[in-house]
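Structure, as structure tokens:
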Amino acid sequence: MPASSITPSYAAVLRTRHACRTFGAALLGRLSYGMVSLSLVLAIKEATDSYAAAGTVMALFGLTSVLLSPTRAGLVDRYGPRRALPPMAAAYALLLTGLAFATSWPGTSGILLGGLAVPAGACTPPLGPVMRTLWRDMVPDPRLLQRAFSLDTVAEELLFVTGPLLVGLLLHIATPSIGLAVSAALVLTGSLALASSPAVRGGVGHKKASSGPAPCEEFDSGGQPAPPGRRPLQGGAGLRQAIAVSATVGICLGAFNLLVIAFADEHRNPAAVTWILAALSGGSAIGGLIYGAVPWRASSRLRLAFLAAALGLTLAATGLSSHPYVLIAWAALSGLFIAPAITTTYLIADEYAHPAARTRAGAWVNTAFNAGSAGATAATGLLVGRLPLPACFALAAAPAVLSAATALHRPRRLAAVTAAPPVSERIPDAEQQAPATNE
């Protein structure tokens, strides 16, 4: 059936050939990421009886995972998921299993645990960026792709709610180190199932970029086409916008998670934290599903500007709440803009990045979000107690509002050429090439 004759819906996305199998495999592996952080902190605390050791090892694990994410995604772009994902997943699962074994013994050295956590973080398989690139391959229709990305974003957010709940259930029957072992089994099983999916044809984006006309193909110093994993992202202003807004959304959420704890303590109602965060996640899920179902006429850059500004303003207003119940309502309203904003950043990254570097572009957006969240959490911890809470909420929301202005800048898309020019006429500088149209 031609793509144009398909009624755009979430059901149509899931009916796409191989979509359920591929998406299910990716979600199974990504569930590990919802469990591993809490499991790791609890297991290290139990083994070392030190919060300092748990925090330090977790920070090392998180930093190496986040900072090396674009590099790992570049390997997938260069070699394809069938060759890149299995060894990453095997190494990651093996190191997590080693951490599970090491933390099962009381008195384990924090240095040993850190020595296992750093390479484990470095090997984390980029399942999210790979899946989003596969959505582009499986669902080329832009109407369905928007729904696919929205579904992916909402599902990922729900996994990070479900993961800690599963860890909590495991703690009733086992030690925290078992949570690490389960995380290792999930990521290995999910990654191998994803890599073996029929939707994966030897490489994400690599095959498409190497057959037929190649938009803005890059060449090395010898005049030969550069390997996919080494080509510049070529996203220009469009990709920079997506990365900037993704970072500010991370800043908002990283600060919010700490500020609501301070708010609940100030009102002597610590139980409200759970309801506030649940309202934020619930609003995000609802907003993401509605956003994906609407046939927007405005460009993605304008939508991103609106979503970033709306998220920032509502979070700033949240700080003026006089009671936890009021804050719960504001959190639900703010959540409506989170998943749509994240979805739009991924759509823009996919739209403007080089076809052979889409996985890496998505990884950069994801890295920006995680880095913004981590940095904001640290900065907010220094501000709480020194400034009134409303001022802290406003400062945390300001970057998102300011990033809306950046998103209004009109970027240029990649140029499409029908044939590679002679070596003497090839211009490697993307800024000197003609503006392009959509693929």
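Readers should treat all values here as calculations from the given coordinates under stated rules, not as data from a laboratory. The structure presented is a predicted model; accordingly, all values stated were derived computationally and were not measured. Backbone-built Cβ (ideal geometry, glycine too); neighbour counts: all protein chains shown.
Things worth noting here:
- Here is the size of region 236-407 from its Cα atoms: Rg then Dmax, 15.9, 53 Å.
- Computed from the alpha carbon atoms alone, the convex hull of region 241-296 holds 80 Å³ per residue.
- When its C-alpha radius of gyration is set against 2.2 N^0.38 Å (N residues), region 74-175 gives a value of 1.38.
- Order by protection proxy (mean Cβ within 10 Å, highest first), peptides 21-30, 273-282, 71-80: 71-80, 21-30, 273-282
- The Rg/Rh ratio of region 3-204, with both radii computed over alpha carbons and Rh defined as the Kirkwood radius, is 1.02.
- At R0 = 30 Å, FRET efficiency that the Cβ-Cβ distance of L402 and A298 yields, to 0.05: 0.90
- Between I261 and A317, the simple label model (points 7 Å from Cα in the Cβ direction) yields a spacing of 2.8 nm.
- Label-point gap, in nm, between A391 and A237 - each point 7 angstrom along Cα→Cβ: 3.6
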